[in-house]
Amino acid sequence: MTDTQQWWRHAVGYQIYPQSFFDSNHDGVGDLPGVQAKINYLKDLGVDFVWLASFYPSGHVDSGYDVTDYCGVDPQFGTLADFEELVAALHAAGIKVVIDLALNHTSAQHPWFRAARQSRTNPYHDYYIWQPSDGQTPPNNWQSVFGDSAWQPNPATHEAYLHSFATAQPDLNWENPRVQQEMVQIIQWWADRHVDGFRLDGVTHLKKRADFADVTDPRTGYYQNLAGVAPYLAALRPVLTANHLLTIGEAGGVDMTTAKQWLDPTTGFFDLLLEFDHVHFWEMAEPKLPVAALRANLTKWQVALEGHGWSALFIENHDLPRAVSYYGDAVDYPRRSAQALGMWYMLMKGTPFIYQGQELGLTNADFTRIDQYRDLDSCNYYHRQLATGAPVANTLKQLAAKSRDNARTPIPWTGKAYGGFSTTTPWIDMGPDVAQRNVERESHDPLSVLTFYQQLIRVKQSVPALQTGRYELIDTYDDQLYVYRRTYNGDNWLVMVNMSSQIATTQEFDLTASELILTNLLVDSDSDAQQIQPWEARLYHLRQLE
């Protein structure tokens with residue numbers, strides 16, 4: 001593969017959640033023309049490609065990931081002509097386009113499933129996964145991601161269908177070659193409309209236990225047969241490679257051996273994998289990882305993939321809480337911790353992804369009532385907790401920390417009403433502090449989070465050592481500092497980040513012969529180089545190895 005075909009190794013990506021990006025037609029919902037209206041913003045930020053979250057026609061149960069038509073655009077987002085115009089405009093601006101593709105399930109309203117549930121002899125019946133059912137007792141103890149039984153009765157056929165996610169999201173049967181061929185045709189259909197790649201959603205869910213037996217872990221024990229997934233991915237490989245499409249796999253729970261196999265440039269299936277060792281977001285009550293664990297987890301992936309594959313670097317997406325609220329300090333150091341987190345992850349080896357609003361330092365939504373939430377998982381969790389007798393206040397506190405809606409509040413473009421996102425009430429409430437954290441204000445502030453991200457992107461794109469150089473952790477054996485070196489052809493760079501709200505002290509480094517290239521603090525020539533301020537981030541160009 002040529003360097004041109006591996007353009008993503010030198011790129012910075014930007015994920016757009018269209019529903020919350022910009023509302024061009026004033027109905028309270030973001031749309032594809034709204035994305036096109038903000039292309040100059042994306043150019044000024046400096047990103048090389050955008051990943052558009054699901055915009056397909058949908059049953060609107062799980063935020064667009066219950067697809068009713070894989071070859072269309074949901075009317076709330078615009079038309080297919082709008083999509084084609086957006087792709088052309090992004091390409092004209094030098095920005096490539098990656099789109100989502102949910103492989104594991106469709107909507108229960110999809111024509112395939114509507115036909116499939118009518119009778120066992122329907123040609124589409126075997127597109128889905130069924131077991132005999134009396135309509136009362138589930139076929140086994142399998143549970144969905146959302147906590148209920150993974151089986152839903154279908155009286156017309158005296159069966160139950162499998163849904164690993166919501167009841168309205170029946171799982172596709174990837175054992176059926178016709179399902180595989182349908183997906184191949186869908187990929188080609190979008191390739192013909194000039195997309196540059198796909199983020200393949202939920203790939204570790206595709207293979208299910210064939211014996212349908214009870215499992216020890218009802219939430220995960222019936223899928224994640226990673227070896228069994230490989231033939232399905234192999235069926236997609238020819239159409240992806242023939243069209244030179246960037247392929248990103250969402251691969252929660254993937255092990256290192258499998259990751260290397262899936263990322264192999266010759267025999268693998270993906271160019272990038274989104275793995276989740278560094279984010280524990282799936283349990284509402286689980287705390288964030290300490291810095292020492294982050295060092296261990298991220299370094300494990302950096303070292304293991306050296307020479308074997310390429311890392312996808314991210315700390316936010318549409319399913320995660322805001323990084324400042326999760327990793328950082330949203331109370332005492334919101335700006336500084338947002339900047340420090342940006343330097344921490346973006347300058348590792350790999351392709352960085354920025355999620356919309358992350359570059360502004362947006363914090364969690366700060367919702368205080370259940371009626372403010374739109375996320376199915378959050379609402380289900382709330383009602384399950386209350387059914388067990390859990391206090392309302394505690395449950396709302398957990399949702400405020402971990403709900404997926406934290407990242408789905410609209411982008412504040414200005415400090416005006418509704419943040420300039422729309423002229424009418426948005427589909428979900430705005431996040432806090434719109435007057436202070438918005439694009440207009442931060443664009444004119446040389447010390448803002450947005451300005452710092454622009455600087456980070458420029459340095460990432462312009463320094464070969466920060467793109468392809470080897471990563472080397474410098475372990476400080478504490479729970480504050482994350483320090484690593486990037487080295488390429490004798491050119492050496494040092495990233496030092498205090499990921500705590502207390503001063504950190506280090507005697508490990510002699511930096512007198514080095515040049516400080518970028519920092520999120522005002523530089524004081526008399527400051528003590530060994531005293532690292534709370535959430536201080538430094539990038540050094542090392543003139544010589546220490």
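Table for the structure above
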item: Sole residue being among the polar types (S, T, N, Q), more than 20 Å from A235 (Cβ to Cβ), surrounded by fewer than 16 Cβ atoms within 10 Å (Cβ to Cβ) and outside the structural domain of A88 (by TED's automatic domain parsing), chosen from Q169, Q152, Q143, Q118; result: Q118
item: Lone unmet requirement of (1) surrounded by fewer than 19 Cβ atoms within 10 Å (Cβ to Cβ); (2) touching a helix residue (DSSP H, G or I) at 6+ places or on another chain (Cβ under 7 Å); (3) within 30 Å of L542 (Cα to Cα); (4) hydroxyl-bearing (S, T, Y) for S462; result: (2)
item: So Y232, is it assigned to a loop (DSSP other than H, G, I, E, B) and assigned by TED's automatic domain parsing to the domain that holds I315; result: no
item: Unmet criterion (only one of (1) out of contact with any helix residue (DSSP H, G or I) (no Cβ under 7 Å at 6 or more places or on another chain); (2) of a type outside the set (A, V, I, L, M, F, W, C); (3) under 24 Å from Y327 (Cβ atoms)) for Y471; result: (1)
item: Where F22 falls short, out of the listed (1) closer than 17 Å to E359 by Cβ; (2) in contact with a helix residue (DSSP H, G or I) (Cβ under 6 Å, 6 or more places away or on another chain); (3) surrounded by fewer than 18 Cβ atoms within 10 Å (Cβ to Cβ); result: (3)
item: Residues satisfying the stated conditions in segment 325-382, i.e. free of Cβ contacts under 8 Å to residues at least 40 places away in the same chain, in contact with a helix residue (DSSP H, G or I) (Cβ under 8 Å, 6 or more places away or on another chain) and of a type in the set (D, E, K, R); result: R369
item: Cβ-Cβ under 6 Å pairs, at least 6 apart or on other chains, segment 259-271 side part of a loop (DSSP other than H, G, I, E, B), far side of a type in the set (D, E, K, R); result: F269/R237
item: Residues satisfying the stated conditions in segment 108-144, i.e. more than 35 Å from the chain's Cα centre (by Cα) and either charged (D, E, K, R) or not in a strand (DSSP E or B) (or both); result: Q118, S119, R120, T121, N122, P123, S133, D134, G135, Q136, T137
item: Candidate set: segment 18-39, residues that are free of Cβ contacts under 8 Å to residues at least 24 places away in the same chain and outside any loop (DSSP other than H, G, I, E, B); chosen: the one nearest to S462 (Cα to Cα); result: A37
item: Residues that are in contact with a Lys or Arg (Cβ under 7 Å, 6 or more places away or on another chain) and surrounded by fewer than 19 Cβ atoms within 10 Å (Cβ to Cβ), drawn from segment 471-486; result: E472, L473, I474, D475
item: Residue list for segment 435-491, filter: among the basic types (K, R) and closer than 30 Å to Q502 by Cβ; result: R437, R441, K460, R485, R486
item: Unique residue being among the hydroxyl-bearing types (S, T, Y), assigned by TED's automatic domain parsing to the domain that holds G357 and buried (at least 20 other Cβ atoms within 10 Å of the Cβ) when the list is Y17, Y70; result: Y17
item: Cβ pairs under 6 Å, 6+ apart, first in segment 206-225 and outside the structural domain of S133 (by TED's automatic domain parsing), second among the small types (G, A, S); result: K207/G228; V215/G221; Q224/G253
item: Among residues of segment 448-480, those that are under 22 Å from Q358 (Cα atoms) and of a type in the set (A, V, I, L, M, F, W, C), counted; result: 7
item: Sole exception among (1) over 25 Å from the mean Cα position of the chain (by Cα); (2) surrounded by 18 or more Cβ atoms within 10 Å (Cβ to Cβ) for D491, by number; result: (2)
item: Among the candidates A93, A53, residue that is surrounded by fewer than 22 Cβ atoms within 10 Å (Cβ to Cβ), among the hydrophobic types (A, V, I, L, M, F, W, C) and within 25 Å of V12 (Cα to Cα); result: A93
item: Candidates E275, E250, E316, filtered to the one that is in contact (Cβ under 8 Å) with a residue 24 or more places away in the chain and within 23 Å of Q180 (Cα to Cα); result: E250
item: Helices (runs of 4 or more DSSP H) fully within segment 356-450 counting 1 or more residues that are at pLDDT below 95 and crowded, with 22+ Cβ neighbours inside 10 Å; result: 376-387, 392-402
item: Which numbered condition G252 fails, given (1) closer than 21 Å to G307 by Cα; (2) assigned to a loop (DSSP other than H, G, I, E, B); result: (1)
item: Tabulated pairs, segment 509-521, first assigned by TED's automatic domain parsing to the domain that holds R538 and touching a residue at least 60 places away in the same chain (Cβ under 8 Å), second surrounded by 10 or more Cβ atoms within 10 Å (Cβ to Cβ) and basic (K, R), C-beta under 9 angstrom, 6+ apart or interchain; result: L518/R538; N520/R335; N520/R336; N520/R538; L521/R336; L521/R538
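The values are calculated or read from the model by the stated rules, or taken from the named source; none is laboratory data. In this text the structure is predicted, and so the values were computed from the model without any measurement. Cβ sites come from the backbone with ideal geometry, for glycine too, and all protein chains shown count toward neighbours.
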